[in-house]
Amino acid sequence: MFNFFGKKTQNSAPPENISDRSIPEDFNDIEPIAFYFKAETGITFEKQQSILKSKLISFCKIRHIPSFKKCLEQVKNNQRLKQELINYLTTNESFFYREQHQIQDVVNKVRLNDQVVNILCAPSSTGEEIYSIAIALLEAGVAKDRFNLIGIDINSEALKHAELGIYNQRNIKNIPAHVLTKYFNKKESKYCLSNEIKQCVRLQTENIFTPSFKTMGKFDYIFSRNMLIYFDAETKIKARQILESLLNDNKNPIYFGHADLF
Ligand SMILES: C[S@@+](CC[C@H](N)C(=O)[O-])C[C@H]1O[C@@H](n2cnc3c(N)ncnc32)[C@H](O)[C@@H]1O
C-alpha cells in the first residue's frame, strides 16, 4: 500500500475512504484549521468534521503538504494558498429564479419611482442570483441606467464562473422559456448568458467579515441568501449587523433565504 504522498506504507489508504485508524497523526487534528477557517470566513464545520477532515487531507495531498499543522502555517503566510483553501471549502450551489418572489418584491419597489438604486448581492456565488435580478429588472422595463448591481463572494473561482456566464440545465430550470430564449444562447448542453445581462453587474471577491467589505458603500437593497446557513448562531448575528450597516434605509429589509432563518 501507498500513503497519500505516494510513499510505501503498511496500512494507509487513499484519503477519500480513509478510516480514522489509518490516518497518520499528522492528519488527525483538524481543530486548529477549523478554528482558523471559521475565524476568517464565518463558516463552521462543527457538524461535518469528517467531511472537513477528508477534504483537508485531499487538499494537502494534492499540494504535497505533509501535515495539517504545516498546512495551517502555509495558509496563514500565503494569500494565494488561503484563497485556494477558501475556494475548496465553500459551497457554491445556486440556480436562477431561486425564491423569485423576493426579487420581484424589489423590482416592484424600484418601479415605483425613477431614482437610481444600488443593489448588493452578498454572496453572489456563480452569478445565478444577481443575473436573475438584472433580468427581472429589465423584463419589468427598468432601464439599465436606473440600477447598479454589485455582487461579492469570498470564492474567487465562483466569481470567475459568474463572469463566464455559462450554465447547465440544472441551473436554468426555473427560467420561463421566453426569458431563456431572450437572454441565453444554447450551445450543445450549455446555456450561455448574453453580454447584455453580464454587463449589468459588477463582481468583486470580498469576505463580508473583512474591513474592505464595510467600505463598499451604501445600498438600497441587499440580498444575502443561503450564506448564513454555514454560520453558527453568533456569527449569523454578526453577519446581519455588518449587512445592516450597509443599508441606506433601515426600513428596507435584507432579503435572506428561508433556510438562513435566525
Ligand atoms: C450556497 S451559495 C449561495 C449563493 C446565492 N446567494 C444563492 O442563494 O443562490 C453560498 C455562498 O456564500 C459564500 N460565502 C460564504 N462565506 C462567505 C463570506 N464570509 N463572505 C462572502 N461570501 C461568503 C460562498 O463562497 C458561497 O458562494
Of all DSSP beta bridges in the chain, antiparallel share, percent nearest 5: 30 percent
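Please work out the FRET efficiency for the pair residue 189 and residue 48, using the Cβ-Cβ distance as r and a Förster radius of 25 Å; give the result to the nearest 0.05. Intermediate results must be reported in sequence, preceding the final value.
Numbers: r = 31 Å, r/R0 = 1.26.
Once the sixth-power term is evaluated, E becomes 0.20.
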Local electrostatic count at residue 143 - Lys and Arg +1, Asp and Glu -1, tallied over other residues with Cβ under 15 Å: -1
Gap separating the Cα centres of the stretch 179-242 and the stretch 94-135, nearest whole Å: 9 Å
Sum of side-chain charges, residue 173 neighbourhood, beta-carbon under 13 Å (Lys, Arg +1; Asp, Glu -1): +1
Sum of -39500 (n - 2.57) over DSSP H runs of 4+, divided by residues of the chain (222 nm, nearest 500): -12000 deg cm²/dmol
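Can you check what the net charge comes to around residue 42, using other residues whose Cβ is under 11 Å from the Cβ of residue 42 (Lys, Arg +1; Asp, Glu -1)?
0
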Cα pair distances exceeding 14 angstrom across the stretch 15-89, given as percent: 58 percent
Sequence-separation-based contact order of the chain, relative, with Cα cut under 8 Å and 6+ spacing, percent: 17 percent
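I want to verify the translational diffusion coefficient of the stretch 147-216 in µm²/s; compute it with Stokes-Einstein, Rh as the Kirkwood radius over Cα pairs, at 37 °C and 0.692 mPa s.
Values: Rh = 13.6 Å.
Stokes-Einstein gives a translational diffusion coefficient of 241 µm²/s.
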Relative contact order of the stretch 159-262, defined on C-alpha pairs under 8 angstrom at six or more residues apart (%): 24 percent
Cut-off under 5 Å, modelled amide H: who pairs with residue 203 long-range: 151
Per-residue ³J(HN,Hα) for the stretch 32-46, Karplus 6.51 cos²θ - 1.76 cosθ + 1.60, θ = phi - 60°, Hz, x for Gly and Pro: x, 5, 4, 5, 4, 4, 5, 4, 7, 10, x, 7, 10, 10, 3
Placed amide H near residue 118: partners under 5 Å, 5+ positions off or other chain: 148, 220, 221
Debye intensity ratio in log₁₀ form over the Cα atoms of the stretch 108-262, taken at each q of 0.11, 0.12, 0.13 Å⁻¹: -0.44, -0.53, -0.62
Sorted largest first, extent of the stretch 207-254 alpha carbons per principal axis (Å): 27, 22, 15
Mean separation of Cα contacts under 8 Å (6+ apart) over length of the stretch 15-89, as relative contact order %: 32 percent
For the stretch 205-218, Karplus couplings with θ = phi - 60° (6.51, -1.76, 1.60), whole Hz, Gly/Pro x: 6, 8, 9, 5, 8, 9, x, 4, 4, 5, 9, 6, x, 10
Hydrodynamic radius (Kirkwood) for the chain, which is based on Cα pairs only, to one decimal in Å: 20.2 Å
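Computed from the coordinates by the stated procedures, all read-outs in this text should not be read as laboratory data. Note that this is a predicted model, so its numbers are computed, not measured. When we count neighbours, we look across all protein chains shown, and the Cβ atoms used for this are built from the backbone with ideal geometry, even at glycine.
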